[in-house]
Structures are given as structure tokens and as C-alpha cells.
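Visitor: Pasting in a structure now, in C-alpha cells, and then I'll have a few things to ask.
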Amino acid sequence: MSFFPQINSNGMMVQLPNSSGYSYESLQGNLESGMRFAFPRRAGNLSGFPNKPLSHFTLNYPNISDVERETLRAFFNSQRGRWGIFSLLDPGGNVLQYSEDFTQTYWNKVTATVSGSLISPDPFGKTLGSIITGIGSNSHLLGVIGPSAGGIIGFVVNVSVWLKPTTSFTIFLGVANSTFTTLTGQNHAISANVWQRIETTVVLPDNNQFRFCLGGNSTWTSQVLGIFGAQAVPSKGSGGYLKTPFQTYGYGYYPTVRFDTDNFTVRQDQPGQNAVQLSVVEVFVP
């Protein structure tokens, strides 16, 4: 499955303003008596349907270069408009699951434990911070970034997290592979007893599975950390914090979407300055 592309070396996928939402699908009609009937549209082998809503996106590009325009055009042509189905990393979403709940089995705690205690206040003044403790010589916290099957070679991804250690030390933040081997990232010096957000931007080197990786490289041993708001976004910077979207239904990775138009229209405001708008909708594949 191909992925909607980043259109420049900074990892840009969309420009502001853009919009996203979701909708359900029902069948309805009117009887001769005037009574209206309605029921959800159902089909076999469609996971979560009709309980899971269908997401949709309006992707705006009010000012892009000729090269960026042609990147979009080439991908649109490869899909033949509405005909093709592809995958999307939400340009406005967190592609980690359970960004504030580190007790979930999604998070691999390697020689580290998460307590049931919550830290008050967290960075936003609430009580959603957790406590995680290293219990070995090389503690890790890992979570899959986007698709578990990989396939996003060359994508620019920024990983970030808030930490509040009880002692000052230096910790690694980056990405690891499916065998928990750290691949790329950097060390961050963090100060005791204060919340601080650390972030690292990486370029994914191949089509294998990648994981958010905190710790590793023998940087985290027995230290106790307050932790909050793990994030991975397909862009060069972290931006404002994005909680994992649609926690009940998924997160910021949409495996099957398509264009909602067969027309690719470009408005040229001046030489080298182009405007494009594309509509993308989520679909279910039996």
C-alpha cells in the first residue's frame, strides 16, 4: 500500500487552513403511511463498521512551489483520482497510540515499570502524568510509530515527550526497530523536578517497522521519571501537543483512504506560486 506523500524535505504534508472530520452512514426512507425508517448500513468483514465513523480530510495547499505541485500531481495520477486506495498519516494527528496511558500493552517497557500513581500537576495543570521507573542497566520505553508493517521509508517524523525526572541526567530519544535496537536519535540533558519537553526529528531509513524509543544506549538505568504526552507526528517539528485522536476507534494512521475527486485543479497566483486543494475520504476494504 502506498502512502500519501510528504511534498518537500521538511516533511510538509499540508498547509493551513485544513480541515478533518468524520461521518456515519445510514440508510433511510419513507413509507406510504408517512413513517420514516432508518438503519445503519452494514456489510460483512468490515472491522468496526458501522460503529466506527468514516474520516475525511480537506488538504489545502494555498502556496506551494512548482516542484511541490508536481509531487502532488504525480501521486494523484498514480492513484487515477478516486480509483486508487492508499494510506494516510494524519498531518494533524499523533501516530502513536495511547499517548497518555503508558500502562497499555502497546507500550513495551523494557526493564522499566509504570506505577498506577499520577503526577499532579501534569504540564497542563491536570493529573494525567504517570510515573515510570528504570529497573535495569539499559531501560527502554517503546511504541510502534504508525503502521505496524512499516512502509514509510524516507518520511520525516518528529518524536517528543514531556519528562520530569527526580534527578538530572541525560536520556536518549529517537527511533528503534522491531527488535528494540536503537537506530537514530539524540541524547537530551533533562533537569530534576521540572517538566520539560524533549524532541527529536528523524528521517526513517527503510520500510521496516519503527518504534518511538525513550531510553536505550545505556542512558536510562534506575532513574524515576514523570512522563506525559508521548507524540510522533509526520513533520519536522513537534508543534503543539496532539493527544492520540479517536482513541476509541484508532489513532492518526488511516490504512485505507482514497481521493474524493477525479479532478486535479491548480490555481497559479504567480510564477512559482500554486494553490491546490484535495479531498480525501476513508474507506473500508472487505
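Visitor: Under 18 Å from a point placed 7 Å out from the Cα of Thr167 along the Cα-to-Cβ direction: which residues of segment 175-195 have their backbone N that close?
Guide: Of the residues in segment 175-195, 188-194 have backbone N under 18 Å from the label point off Thr167.
Visitor: Okay, moving on. Could you work out the helix-only [θ] at 222 nm for the chain, with each DSSP H run of four or more residues adding -39,500 (n - 2.57) and the total divided by the number of residues, to the nearest 500 deg cm²/dmol?
Guide: The per-residue figure over the chain is -1500 deg cm²/dmol.
Visitor: In debye, nearest 20, what is the charge dipole magnitude of segment 108-233 about its Cα centre with +1 on Lys and Arg Cβ and -1 on Asp and Glu Cβ, if you could check?
Guide: With only Lys, Arg, Asp and Glu charged at Cβ, the dipole is about 180 debye.
Visitor: Roughly how many nanometres apart are two label points built 7 Å out from the Cα toward the Cβ at Thr179 and Gln277?
Guide: With each label placed 7 Å out from Cα toward Cβ, I get 5.0 nm.
Visitor: List, in order, the whole-Hz ³J(HN,Hα) value for each residue of segment 2-12 obtained from phi through the Karplus relation with A = 6.51, B = -1.76, C = 1.60 and θ = phi - 60°; use x for Gly and Pro.
Guide: 7, 10, 4, x, 7, 9, 8, 6, 7, x, 5
Visitor: Tell me which label goes with the value of percent of Cα pairs over 30 Å apart computed from the coordinates here: (1) 39; (2) 33; (3) 26.
Guide: Matching entry in (1) 39; (2) 33; (3) 26: (1).
Visitor: Only Cα pairs within less than 10 Å get springs; with that Gaussian network setup on the chain, which residue of Asp66, Asp260, Asp122 has the largest fluctuation?
Guide: Answer for the Gaussian network model of the chain: Asp66.
Visitor: For segment 107-165 and segment 210-270, what is the centre-to-centre distance using only Cα atoms, to the nearest Å?
Guide: Comparing the Cα centres of segment 107-165 and segment 210-270, I get a distance of 14 Å.
Visitor: Right, here's the next one. Work out the charge dipole of segment 108-233 with +1 on the Cβ of Lys and Arg and -1 on the Cβ of Asp and Glu about the Cα centre, then indicate which of Leu142, Gly226, Asn207 is farthest towards its positive end.
Guide: Sorting the options by dipole projection puts first Gly226.
Visitor: Which whole-Hz couplings ³J(HN,Hα) result when phi for each residue of segment 178-195 is put into the Karplus expression 6.51 cos²θ - 1.76 cosθ + 1.60, θ = phi - 60°, listed in order with x for Gly and Pro?
Guide: Per-residue couplings from phi come out as 5, 9, 6, 7, 5, 10, 8, x, 8, 8, 10, 7, 10, 9, 6, 6, 8, 6 Hz.
Visitor: Let me ask something additional. With +1 on each Lys and Arg Cβ and -1 on each Asp and Glu Cβ, how big is the dipole of segment 78-170 about its Cα centre, in debye rounded to the nearest 20?
Guide: The calculated dipole for segment 78-170 is roughly 200 debye.
Visitor: Evaluate the charge dipole of the chain about its Cα centre and quote only its size in Debye, nearest 20, assuming +1 on the Cβ of each Lys and Arg and -1 on the Cβ of each Asp and Glu.
Guide: Magnitude of the dipole: close to 300 debye.
Visitor: Output the 0 to 90 degree angle, nearest 10, between the alpha-carbon long axis of helix 66-79 and the longest principal axis computed from the alpha carbons of the chain.
Guide: Roughly 70 degrees, rounded to the nearest 10.
Visitor: Between Ser222 and Ala38, how many nm apart are label points set 7 Å from Cα along the C-beta direction?
Guide: Using points 7 Å along Cα→Cβ, the separation is 6.2 nm.
Visitor: Arrange the peptides 174-185, 262-273, 230-241 so that the one whose residues have, on average, the most other Cβ atoms within 10 Å appears first.
Guide: 230-241, 174-185, 262-273
Visitor: Here is a further query. Ignoring the sites themselves, what is the longest stretch of the chain with no GluC sites (Glu not before Pro) in a DSSP loop and at most 15 other beta-carbon atoms within 10 Å?
Guide: Formally, the longest exposed-site-free interval is 33-286.
Every read-out reported here was derived from the displayed coordinates using simple, explicitly stated rules and does not represent laboratory data. All of these numbers come straight from a predicted model, not from anything done at the bench. Reconstructed Cβ throughout: ideal geometry from the backbone, glycine too, with neighbour counts over all protein chains shown.
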